Amino acid sequence: MAEQISVIEGNKAQKYQSLLPQIEALVSTEQDVIANLANISAALKEGMGYFWVGFYHAETPDMLVLGPFQGPVACTRIPKGKGVCGAVFEQRKTLVVPNVDEFPGHIACSSASKSEIVLPIFKRGKVAWVLDIDSDQLNDFDEVDQHWLEKLTSMIGLML
Ligand code: SME
């Protein structure tokens, strides 16, 4: 049965705090990774109001391919090292980009995207997926987003 996501009004930390247990509950009864990542994208979009949220899959050690997402049509393939997603794939760490126009090699899937946060998701020590979240506002992500989203990506890593 589908669940309803409800996010309390409040600051960003309070929103994440209310959303994350709901996401854990949402995926706890399903084993299929694609189904769960699709619902996590929807829950993040609905709960946090992001412009674009989605997952890229490490198809090979050098190439990311678009997976479940919510938002406008996106680039399907991102080579390792290219753009923010490719940099996270290569560097194996979260990147917060306050202004995408100032990021060398940024891949503009949508000209409306102004800032972003991208996080690696590890499976047996390798980057298996990346979570990419884009905003149509500058400076929309900070260490609060990083803190809560890293809790989420750790949880996702355990379910892969
Ligand atoms: N901007 C990203 C590409 C993915 S999309 O924005 C959905 C990047 O530079 O990696």
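The values are calculated or read from the model by the stated rules, or taken from the named source; none is laboratory data. Just so you know, these numbers come straight off a predicted model, no measurement behind them. Because the Cβ atoms are built from the backbone with ideal geometry, glycine has one as well, and the counts that use them run over all protein chains shown. Keep in mind that these areas ignore ligands, DNA and RNA; they rest on the heavy atoms of the full protein, side chains included. Shrake-Rupley method; radii C 1.70, N 1.55, O 1.52, S 1.80 Å.
Below is a table of values for the structure above.
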read-out: ³J(HN,Hα), Karplus 6.51/-1.76/1.60, whole Hz, each residue of the stretch 137-143, x for Gly, Pro; value: 10, 5, 6, 8, 10, 8, 5
read-out: Protection proxy ranking of 32-39, 105-112, 128-135 - average other beta-carbon atoms within 10 Å, highest first; value: 128-135, 32-39, 105-112
read-out: Debye, to nearest 20: dipole size of the stretch 1-84, +1 on Lys, Arg Cβ, -1 on Asp, Glu Cβ; value: 400 debye
read-out: Rg(Cα)/(2.2 N^0.38 Å) for the chain, N = residue count; value: 0.96
read-out: Probe 1.4 Å, protein heavy atoms only - accessible area per residue of the chain in square angstrom; value: 52 Å²
read-out: With every protein chain in place, the chain: carbon and sulfur % of accessible area (1.4 Å); value: 49 percent
read-out: Cα gyration tensor, the stretch 74-160 - rounded (a/c under 1.5), prolate or oblate; value: oblate
read-out: Charged-residue dipole, Cβ positions (Lys, Arg, Asp, Glu), the chain about Cα centre, Debye nearest 20; value: 480 debye
read-out: Expected 222 nm ellipticity per residue - DSSP helices of 4 or more, -39500 (n - 2.57), all of the chain, to 500; value: -12000 deg cm²/dmol
read-out: Mean Cα-pair separation over length for the chain, i.e. relative contact order, pairs under 8 Å, 6 or more apart, %; value: 20 percent
read-out: Global form of the stretch 1-61, assessed from the alpha-carbon gyration tensor, a/c cut-off 1.5; value: oblate
